[in-house]
Amino acid sequence: MQQLASFLSGVWQSGRGRERTIHHAISGEALWSVTSEGLDMAAARRYAITHGGEALHAMTFIERAAMLKAVAKHLLSLKETFYALSAQTGATKADSWVDIEGGIGTLFTYASLGSRELPDDTLWPEDELIPLSKEGGFAARHVLTSKSGVAVHINAFNFPCWGMLEKLAPTWLAGMPAIIKPATATAQVTQAMVKAIVESGLVPDGAISLICGGAGDLLDHLDSQDVVTFTGSASTGQTLRVHPNIVANAIPFTMEADSLNCCVLGEDVTPEQPEFALFIREVVREMTAKAGQKCTAIRRIIVPQHQIDAVSQALIARLEKVVVGDPAQEGVKMGSLVNSEQRADVQEKVDQLVAAGCQVRLGGKADLQAAGAFYPPTLLFCPQPDETPAVHATEAFGPVATLMPYRHADHAMQLARAGGGSLAGTLVTADPALARQFISGAARAHGRIQILNEESAKESTGHGSPLPQLVHGGPGRAGGGEELGGLRAVKHYMQRTAIQGSPTMLAAIGKQWVRGATVQEDRVHPFRKYFEELQPGDSLLTPRRTLTEADIVNFACLSGDHFYAHMDKIGAAESIFWRAGGTRLLPDFRCRRAVC
């Protein structure tokens with residue numbers, strides 16, 4: 001058994017004190033010992049800020065995006081190493097693909113977003129000029145700048161790679177260093193990826209740190225320039241949210257917690273429709289992927305009361321075919337839970353649901369003495385969801401979901417909201433009006449909702465898949481936080497400041513010319529300057545000239561731009577940008593001054 005080291009203050013180091021053991025999820029073999037006791041968390045934070053923070057602040061957004069891309073390519077070349085370690089956690093190859101290559105894909109996405117949409121600067125002008133005076137001499141603009149602290153990421157056990165990378169990407173793009181604190185149960189997978197990043201030399205010294213074990217007194221040393229994110233159980237997150245130092249210093253705290261996500265079968269769907277089969281497939285996939293250990297997994301199956309038997313029979317038929325076992329063996333479709341402690345927790349929660357009035361229709365019992373942390377796909381039925389609050393509050397974090405009936409569309413929305421806030425929800429329907437009604441009534445309790453039907457199913461990414469372009473988070477029990485969502489995520493690690501002044505001053509600060517700012521002219525035509533020589537406000541004032549159709553044709557031949565609105569009289573006449581009914585191919589405005 002090896003000790004799992006942490007990477008703090010630029011060196012690999014091991015703690016000394018009470019240790020926890022990481023076991024192989026399938027065999028039960030003891031693999032790693034973990035402790036962070038005795039490690040200097042205050043020094044680790046200072047090092048990350050003074051080394052990693054300063055280096056990242058000096059890089060432009062474009063340079064940071066290039067760094068993300070380089071890291072992603074490097075990790076992709078080493079993916080088989082991560083797959084081998086991921087197998088120790090009970091994950092199938094498909095489960096590991098989502099975690100490993102899905103996480104790397106998120107790095108690529110943010111690299112692309114940064115290089116395409118952010119300025120080649122360290123300061124980000126967020127909006128257009130906001131006039132504040134009658135004559136235009138006083139205006140404002142919001143800008144985003146990097147915080148001077150460190151981002152502390154406390155992550156869950158179920159996605160040791162994706163969970164780290166989906167936070168690292170916007171953190172680094174924003175110019176902040178990160179301290180990663182993975183869940184101990186799967187920390188060996190995270191450590192391998194961090195080690196690969198460190199050894200690559202692709203990121204500045206101090207840009208990434210790793211704590212294997214407890215966070216110790218790290219939160220005591222943070223201040224208002226730091227950021228804390230948490231992914232995990234709602235109860236743990238609620239405890240961290242009210243940490244005295246976080247409260248006292250108003251430290252930004254983003255929480256993404258497990259939730260009682262639902263999948264709703266529309267009233268319009270019958271067993272003969274393709275949407276019915278899609279519903280069954282979606283529920284079974286979300287129950288069994290990662291052995292149900294997903295914060296977005298479907299926990300509540302909400303169907304019309306007259307469809308209960310048909311849905312129950314179809315689900316049982318599909319779930320009985322799921323082969324549970326060692327993912328290394330051919331034919332296995334679902335692996336184990338992460339460890340025996342998690343198996344015991346799932347069994348306890350299932351027993352609580354049964355005691356509250358739910359009925360077991362499939363599974364429901366595991367051999368708690370077996371070496372492998374296996375738990376069977378389990379389908380429960382709650383006949384009275386309005387009178388059973390436990391079914392909307394108790395989550396068995398495994399391959400477990402509860403079937404429940406609804407009477408009408410409003411009742412379905414009421415049940416969907418009863419979870420107290422969810423990360424994700426799905427409505428399966430072929431009726432656009434029903435979809436609109438559901439969104440109007442249920443969206444306020446969800447971070448993301450998928451409308452699934454035959455038309456979208458072929459290309460759907462699925463109920464449980466967070467995408468880097470879309471927000472990931474939810475209200476209430478789901479944590480009230482927000483991750484991903486494209487460039488929205490980057491802003492969580494930056495400070496927004498409203499800057500007031502003259503347009504000329506605002507142009508200088510943002511390195512972007514704005515209307516009302518002064519311009520400068522010289523004898524060199526702007527088109528004859530190299531890109532590096534151009535400055536915001538460089539201007540060229542030309543004599544008035546009436547453009548003719550011959551000018552347009554000549555320019556098109558010179559430039560190769562034969563776009564129809566420029567060259568075709570009929571197309572131009574029909575365009576809203578051109579003088580209605582006219583025959584000229586010219587817009588109804590004049591431009592004599594070009595400003596860079």
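Some points to look at:
- Some residue of the range 404-420 being assigned by TED's automatic domain parsing to the domain that holds V338, part of a loop (DSSP other than H, G, I, E, B), on the phi > 0 side of the Ramachandran plot and in contact with a Leu (Cβ under 9 Å, 6 or more places away or on another chain): yes
- Qualifying residue in the range 157-167 (condition: part of a loop (DSSP other than H, G, I, E, B), more than 30 Å from I26 (Cβ to Cβ) and not polar (S, T, N, Q)): no
- Of all the listed residues (I301, I208), the sole one being in contact with a helix residue (DSSP H, G or I) (Cβ under 7 Å, 6 or more places away or on another chain) and assigned by TED's automatic domain parsing to the domain that holds A390 is I301.
- Filtered residue count, the range 79-121, keeping only those that are crowded, with 17+ Cβ neighbours inside 10 Å, more than 22 Å from the chain's Cα centre (by Cα) and more than 19 Å from T184 (Cα to Cα): 1
- Answer residue from the range 314-351, given it is of a type in the set (K, R) and outside any loop (DSSP other than H, G, I, E, B) and is surrounded by the most Cβ atoms within 10 Å (Cβ to Cβ) among those: R343
- Tally, over the range 231-267, of residues that are outside any helix (DSSP H, G or I) and not hydroxyl-bearing (S, T, Y): 20
- Among the residues making up the range 158-168, those that are within 18 Å of A94 (Cβ to Cβ) and among the hydrophobic types (A, V, I, L, M, F, W, C) are F159, C161, W162.
- If you go through the range 15-59 and pick out every residue that is surrounded by fewer than 23 Cβ atoms within 10 Å (Cβ to Cβ), farther than 17 Å from L218 by Cβ and small (G, A, S), you end up with 6.
- Selected residue [at pLDDT below 95 and aliphatic (A, V, I, L, M)] from A185, A196, A192: A185
- Note on the range 113-154: residues that are among the basic types (K, R), in contact (Cβ under 8 Å) with a residue 12 or more places away in the chain and more than 14 Å from V514 (Cα to Cα) total 1.
- Screening S460 with (1) assigned to a loop (DSSP other than H, G, I, E, B); (2) hydroxyl-bearing (S, T, Y); (3) touching a residue at least 24 places away in the same chain (Cβ under 8 Å); (4) touching a strand residue (DSSP E or B) at 6+ places or on another chain (Cβ under 8 Å) gives one miss only, at (3).
- Per this entry, S502 is counted among residues that are more than 14 Å from the chain's Cα centre (by Cα) and either of a type in the set (A, V, I, L, M, F, W, C) or farther than 18 Å from L144 by Cα (or both).
- Single residue of T254, T288 found to be touching a residue at least 40 places away in the same chain (Cβ under 8 Å) and outside the structural domain of P389 (by TED's automatic domain parsing): T254
- Count of the range 3-35 residues which are part of a strand (DSSP E or B) and over 26 Å from L368 (Cα atoms): 7
- Residue match in the range 294-304 (condition: in contact (Cβ under 8 Å) with a residue 40 or more places away in the chain, in a helix (DSSP H, G or I) and more than 27 Å from N155 (Cβ to Cβ)): no
- Single residue of K491, K511, K529 found to be assigned by TED's automatic domain parsing to the domain that holds E101 and surrounded by 13 or more Cβ atoms within 10 Å (Cβ to Cβ): K491
- Residues in the range 352-375 that are farther than 20 Å from I301 by Cβ and surrounded by 16 or more Cβ atoms within 10 Å (Cβ to Cβ): A366, G372, A373, F374.
- The number of residues in the range 463-488 that are in contact with a helix residue (DSSP H, G or I) (Cβ under 6 Å, 6 or more places away or on another chain) and in a helix (DSSP H, G or I) comes to 1.
The values are calculated or read from the model by the stated rules, or taken from the named source; none is laboratory data. For clarity, every value in this text was computed on a predicted model and none was experimentally measured. Positions of Cβ are generated from backbone atoms using ideal geometry, with glycine treated the same way; all protein chains shown enter the neighbour counts.
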